[in-house]
Amino acid sequence: QVQLVESGGGLVQAGGSLRLSCTVSGRISSINIMGWYRQAPGKQRELVAAGTSDGNTNYADSVKGRFTISRDNAKTTVYLQMNSLKPEDTAVYYCNVKVPLSAYWGQGTQVTVSS
């Protein structure tokens, strides 16, 4: 069974930093894309950042220049380094992994940015 285990969320003041991690375990076929989504209260889940197996990355306009996604292929772990955090970054952050014909989600980790 495939599991995505996230860590690194928490409470931080505006301007601070957090680093999220997501490790994939279990039998899984070739991973195409690993990424992070977030969902704030009353809002739809949105893409924050994603990275492909060949090194391409994609970011939401709202986080460009502040967040960095990286991936450790050997350990099937994806990271999200979040700098210069803003109160509007407050949300539950979800790890997402896409493989051929399927996708998996983590359980979510809360990120709260105080003003």
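Side notes on the structure shown:
- The radius of gyration of the Cα set in segment 43-93, together with its Dmax, comes out at 11.7, 35 angstrom.
- A Cβ-based charge dipole, computed about the Cα centre of the chain with Lys and Arg at +1 and Asp and Glu at -1, lands at about 80 debye.
- Close amide-amide hydrogen proximity is noted between residue 48 and 36, 37, 38, each under 5 Å apart and 5 or more residues distant or on a separate chain (H modeled in the peptide plane; Pro and chain starts excluded).
- Couplings 3J(HN,Hα) of segment 84-92, computed from phi: 6, 5, 10, x, 6, 7, 4, 4, 8 Hz, in residue order, whole Hz [Karplus 6.51 cos²θ - 1.76 cosθ + 1.60, θ = phi - 60°; x for Gly and Pro].
- Stokes-Einstein D (µm²/s) once Rh is taken as the Kirkwood radius of the chain over alpha-carbon pairs, at 25 °C in 0.890 mPa s: 174
- In terms of packing, defined here as the mean over residues of other Cβ atoms within 10 angstrom, the peptides 104-113, 50-59 line up highest first as 104-113, 50-59.
- Listed values for segment 15-20 are Karplus-derived 3J(HN,Hα) couplings in whole Hz (6.51 cos²θ - 1.76 cosθ + 1.60, θ = phi - 60°), namely x, x, 10, 9, 10, 9, and x replaces Gly and Pro.
- Relative to the current alpha-carbon distance between residue 2 and residue 60, full extension at 0.36 nm per residue lengthens the span by 18.2 nm.
- Scanning the chain for trypsin sites (Lys or Arg not before Pro) lying in DSSP loops with no more than 12 further Cβ atoms inside 10 Å, the longest uninterrupted stretch between such sites is 65-115.
- Near residue 10, the amide H atoms lying under 5 Å from its own belong to 111, 112; only residues 5 or more places off or on other chains count, and H is placed 1.01 Å from N.
- Taking N as its residue count, the alpha carbon Rg of segment 28-71 over 2.2 N^0.38 Å: 1.26
- By DSSP, the beta bridges lying fully in the chain are antiparallel in about 90 percent of cases.
No value in this document is a laboratory result; all are computed from the given coordinates. Here the structure is a predicted model, which is why all the values come from computation and not from measurement. Using ideal geometry, Cβ is built from the backbone for each residue, glycine included, and neighbour counts are taken over all protein chains shown.
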